[in-house]
Each structure stands twice: as structure tokens, then as C-alpha cells.
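Here's the structure we're looking at; comments come further down.
The values are calculated or read from the model by the stated rules, or taken from the named source; none is laboratory data. Keep in mind it's a predicted model, so treat the numbers as computed, not measured. Ideal geometry is used to build each Cβ from the backbone, glycine not excepted, and the neighbour counts take in all protein chains shown.
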């Protein structure tokens, strides 16, 4: 079941503070603003937080419980959760046994 629209998006308080730091670049010219947004990285521990339009063009690192997975936010990600873009499962890779020659 999805979250009710009237409640608004669920965003962790620490992520919201980091978003305000990164996006409050009012004294920087528009030509340099996109470069500075790309250079700033927002670290996300709360995977259930929703991606909002203010994050478009920023770099986010999502914690999977073991490592950090880097992603860049684009328009298609709005409304989804951070956890959808960083898998916590490790893909099993099986090794083939080499046949011995006689």
C-alpha cells in the first residue's frame, strides 16, 4: 500500500537539512550552479525516504548496510524511494570446476 497523498513525501530530517545546504546556492551564478550541484554528495542512510524534485542533478550515496552505492538523481526517479536504486543483495557467482586431463 502506498503512502497517502495528503500526508506528503516521507523525508528524513537529516536528508532534508543536507538538501537545503546543497540547493541554497543563491549567491552562485546559474552557469556555475549545475557544476557545484554535481560536485556535492548527499549521503543517505535512510533508504525509505522519498526522492523529491529539489534533488534533480545531485549526487547521492545510499548506504546498503555494507557499502555506499553512488547514484545521480534524474527526473525519472522522483517519487521513488532511495532504497530502490541500491540493492542490498549480493549476486551469487558460481565457479566452474576445471576438468582434469588424463
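Can you pull out every residue in segment 4-13 that is under 18 Å from residue 44 (Cβ atoms) and over 14 Å from the mean Cα position of the chain (by Cα)?
Correct list: 9, 10, 13.
Of all residues in segment 73-102, how many are in contact (Cβ under 8 Å) with a residue 24 or more places away in the chain, assigned to a helix (DSSP H, G or I) and in contact with a helix residue (DSSP H, G or I) (Cβ under 9 Å, 6 or more places away or on another chain)?
2
From (1) in contact with a strand residue (DSSP E or B) (Cβ under 9 Å, 6 or more places away or on another chain); (2) at pLDDT below 85, pick out the condition that doesn't hold for residue 48.
Just one mismatch for residue 48, condition (2).
Can you say whether residue 70 is in a loop (DSSP other than H, G, I, E, B) and either within 15 Å of residue 85 (Cβ to Cβ) or modelled with pLDDT of 85 or more (or both), as far as the supplied structure shows?
Spelling it out, it is not the case that residue 70 is in a loop (DSSP other than H, G, I, E, B) and either within 15 Å of residue 85 (Cβ to Cβ) or modelled with pLDDT of 85 or more (or both).
Looking for whichever is on the phi > 0 side of the Ramachandran plot and modelled with pLDDT under 85 here; the options are 8, 79, 57. Which one fits?
Among 8, 79, 57, only 8 is on the phi > 0 side of the Ramachandran plot and modelled with pLDDT under 85.
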